[in-house]
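The values are calculated or read from the model by the stated rules, or taken from the named source; none is laboratory data. Here the structure is a predicted model, which is why all the values come from computation and not from measurement. Here the Cβ is made from the backbone with ideal geometry for all residues, glycine too, and neighbour counts use every protein chain on show.
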Amino acid sequence: MNHRDERLGSAPLGKLMFSLAVPSVAAQLINVLYNIVDRIYIGHIPGYGDVALTGVGVTFPILTMISAFSAFAGMGGAPLASIQLGKKNKQGAEQILGNSAGLLIIFSVILTAFFSICKTPILYAFGASDATIVYARDYISIYLIGTIFVQLALGLNAYISGQGEAKTAMLSVLIGAVLNICLDPVFIFVLHLGVRGAAIATILSQAVSAAWVVHFLTSEKTVMHLSLKNMRLRADVIKMIAGLGISPFIMQSTESLVTITLNTGLQRYGGDLYVGSMSILMSIMQLITIPVQGITQGIQPIISYNYGAGNKERVKDTMKRMILVCLAGTLLLAGVAILAPQIYTGLFTNNQELLKLTCQVMPVYFLGISIFGIQCACQTSFISLGQAKVSLFIALLRKIILLIPLAIILPKFMGVMGIYRAEPIADVISVVTTSVVFIYTMKKVLRNM
């Protein structure tokens, strides 16, 4: 077995966690730039930037759904592959990797065809108006061409970080993000392609990232090798991937349902200005939660590998440290958004009315996110240990069971502000519930190791 993955079970824990978490956080922050950089540039297009920004914001559920399918195959399989590496079963790990790649290709074909055919009614359902539909349609029509690049870049990169190669995983994202930042102003402003230019820049950048990921996983540097023979789908392997992958899939895909619910409610009770504010809030939400998700993704291979190797104390210690670090992260980042919202909002628009509204609602909207780090760390622990049923419940809890019903019910009594208040209420309840479930479940899991 390669010494690079064996260090997951033997290297000093604090130093190892830092070395894996920092590149993973960087990769997650860079990854979110694909969408946020587009929005920053689009929001500053002379003459129609604000309307275009709202239109692109309406496409967010489709982008999220595409990412969710990559998480199904990638995050569903990568922890299982890490566990197999801990058991010294390289062949089993590569079988999981190959089947995940096969799934990603199939998902890409289906998603591209479906959303290309049905995009207009779907965008209207997601909150588009007659004023914003043209920009939403222009952006998503081009973005869908690059679905396979997004799937491979995101889904397979999980297997790079899953073998402890956090720096390489970060480079996979960095290459595409830097290219996107450079190409955006060229296609949007120099070539006068506007929203379409932003989409072209994004898919070209994702194509380069995908090529980098595939190249690494077929090179001599990787612990797990991607090969055509392992891409032939096997029912038993797919069942394992699906069992664990359904949780991250729901976590991401429900963002689409949440966005649909919020946007349609805001359109009904407020109008385009409120939908535009939510587009900005969603982007800022990513800036707060993505670093924490990066920490958990970087640390996940340590938990999975040592669980497979039977190192009980190392698993326990890693989870404790991860929870503390994640909580500190969300407290800090959400605190800035609550106390000084203008630091974030000015990045996205110059419209004073939109700025004022967003700054007013931000302290309310992000109040519960300050403790979100606890849920994120607990959820990752469940996934890392292959606890499919528990992770599925936690994935459903915050958004499906709590947030969406609250976002529908509260505005009937509080008006448009009820939609913004639904988020912190759902966050607090879900964190408390998750903590109780985590303590009970982990006692049982660790006892049986």
- Quick one: how many residues across the stretch 318-374 are aliphatic (A, V, I, L, M) and more than 25 Å from residue 18 (Cα to Cα)? 13
- Message: Being out of contact with any Asp or Glu (no Cβ under 8 Å at 6 or more places or on another chain), among the hydrophobic types (A, V, I, L, M, F, W, C) and closer than 25 Å to residue 102 by Cβ is true for just one of 174, 183, 154, 191. Which residue is that?
- Response: 154
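I'd like to know if the stretch 322-337 contains one or more residues that are over 22 Å from residue 422 (Cα atoms), touching a helix residue (DSSP H, G or I) at 6+ places or on another chain (Cβ under 9 Å) and not aliphatic (A, V, I, L, M). Talk me through it step by step, then tell me what you get.
Taking the stretch 322-337 first, the residues over 22 Å from residue 422 (Cα atoms) are 322-326, 328-329.
In the following step, the residues that additionally are touching a helix residue (DSSP H, G or I) at 6+ places or on another chain (Cβ under 9 Å) were identified as 322-326, 328-329.
This time we only want the ones that are not aliphatic (A, V, I, L, M), so: 326, 329.
Yes, the stretch 322-337 contains a residue that is over 22 Å from residue 422 (Cα atoms), touching a helix residue (DSSP H, G or I) at 6+ places or on another chain (Cβ under 9 Å) and not aliphatic (A, V, I, L, M).
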- Message: Could you tell me how many of the residues in the stretch 387-413 are outside any helix (DSSP H, G or I) and modelled with pLDDT of 90 or more?
- Response: 1
- Message: Among the listed residues 145, 160, identify the single one that is surrounded by 22 or more Cβ atoms within 10 Å (Cβ to Cβ), aliphatic (A, V, I, L, M) and either out of contact with any Lys or Arg (no Cβ under 8 Å at 6 or more places or on another chain) or free of Cβ contacts under 8 Å to residues at least 40 places away in the same chain (or both).
- Response: 160
- Message: Among the residues that make up the stretch 343-350, is at least one of them buried (at least 18 other Cβ atoms within 10 Å of the Cβ) and either in contact with a Phe, Trp or Tyr (Cβ under 9 Å, 6 or more places away or on another chain) or at pLDDT 85 or above (or both)?
- Response: no
- Residues satisfying the stated conditions in the stretch 112-123, i.e. farther than 10 Å from residue 55 by Cα and surrounded by 16 or more Cβ atoms within 10 Å (Cβ to Cβ): 112, 115, 119, 122
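Collect the residues in the stretch 1-26 that are among the basic types (Lys, Arg) and either modelled with pLDDT of 85 or more or crowded, with 21+ Cβ neighbours inside 10 Å (or both), keeping them in residue-number order.
Of all residues in the stretch 1-26, those among the basic types (Lys, Arg) come to 4, 7, 15.
Of everything in the stretch 1-26, just one residue is among the basic types (Lys, Arg) and either modelled with pLDDT of 85 or more or crowded, with 21+ Cβ neighbours inside 10 Å (or both), namely 15.
With 242, 207 as the choices, which residue is farther than 30 Å from residue 393 by Cβ, surrounded by fewer than 22 Cβ atoms within 10 Å (Cβ to Cβ) and touching a residue at least 60 places away in the same chain (Cβ under 8 Å)? Please lay out each step first, then the result.
Numbers: 242 fails: farther than 30 Å from residue 393 by Cβ.
Just one listed residue meets the conditions, 207.
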